[in-house]
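S.K.: Have a look at the structure that comes next, please.
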Amino acid sequence: MYCVHCGNDVNENDKFCYYCGKKVIKNGRQPRRCWTAFAKVSYIIGIVSLCTWFIPFFNLGLYGILFSILGASSIEPRALFHCNKGRIMSIIGAALSSFFTTLTIVSVIVLIIVKYI
C-alpha cells in the first residue's frame, strides 16, 4: 500500500504515514509506474541533450520536456525529482541546441552569400 500524499510504502495497519506524517487513506491510489518511467526517461534525455547540444539539428531537449510533462503525473518523490531535473536539463539543452542550429544555418547562408558576391 502507498501513501497518497507522498507515494512511499506504508503498512496497511498504519494510521499515519511514517514519511510525511499525514493520515493514511485506505484504498488510496497507487503510484503509476509508467509515469515513473517517463520521469526517468526525461532525466536521461536531459543529460543527453546537454551533452549533444553542439550537434546541429539534433535537438533531444524537446523530447525531454515532453517526457518530463508526462512524468509529472507520478506521485513518487524520486520520480518527481528526476522529472524536475530532467525538465530543467532538457530546456537548457533545447535552447542551446536551437541556438547552435540557428547559428549553423546563418553561417552557411553567410558563406554562400560571400562566396557568390
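S.K.: Give all pairs with beta carbons closer than 7 Å in which a residue from the stretch 94-117 that is assigned by TED's automatic domain parsing to the domain that holds Ile45 meets a residue that is aromatic (Phe, Trp, Tyr) and not in a helix (DSSP H, G or I); count only pairs at least 6 apart in sequence or on separate chains.
M.R.: Leu96/Trp53; Ser97/Trp53; Ser97/Phe58; Phe100/Trp53; Phe100/Phe54; Thr101/Phe57
S.K.: In addition: Looking at this structure, is Ser97 part of a helix (DSSP H, G or I), more than 16 Å from the chain's Cα centre (by Cα) and crowded, with 21+ Cβ neighbours inside 10 Å? Spell out how you get there, then give the answer.
M.R.: Details: part of a helix (DSSP H, G or I): yes; more than 16 Å from the chain's Cα centre (by Cα): yes; crowded, with 21+ Cβ neighbours inside 10 Å: yes.
Against the criterion (part of a helix (DSSP H, G or I), more than 16 Å from the chain's Cα centre (by Cα) and crowded, with 21+ Cβ neighbours inside 10 Å), Ser97 qualifies.
S.K.: Does the stretch 80-89 contain at least one residue that is without any contact (Cβ under 8 Å) to a residue 24 or more places away in the chain and either among the β-branched types (Val, Ile, Thr) or surrounded by 13 or more Cβ atoms within 10 Å (Cβ to Cβ) (or both)?
M.R.: yes
S.K.: Let me ask another. Look through the stretch 77-90, keep the residues that are touching a helix residue (DSSP H, G or I) at 6+ places or on another chain (Cβ under 6 Å) and aliphatic (A, V, I, L, M), and return whichever of them is modelled with the highest pLDDT.
M.R.: Met89
S.K.: Go through the stretch 1-28 and count every residue that is surrounded by fewer than 15 Cβ atoms within 10 Å (Cβ to Cβ) and either at pLDDT below 70 or among the aromatic types (Phe, Trp, Tyr) (or both).
M.R.: Matching residues across the stretch 1-28 total 5.
S.K.: Follow-up question, since we're still on this one. Consider the stretch 29-54. How many of its residues are outside any helix (DSSP H, G or I) and at pLDDT 80 or above?
M.R.: Counting residues in the stretch 29-54 that are outside any helix (DSSP H, G or I) and at pLDDT 80 or above gives 3.
S.K.: Which numbered condition in (1) within 25 Å of Asn8 (Cα to Cα); (2) modelled with pLDDT of 85 or more; (3) not aliphatic (A, V, I, L, M) is the only one that Phe100 fails?
M.R.: (1)
The values are calculated or read from the model by the stated rules, or taken from the named source; none is laboratory data. Please read all numbers here as calculations on a predicted model, not as lab measurements. Using ideal geometry, Cβ is built from the backbone for each residue, glycine included, and neighbour counts are taken over all protein chains shown.
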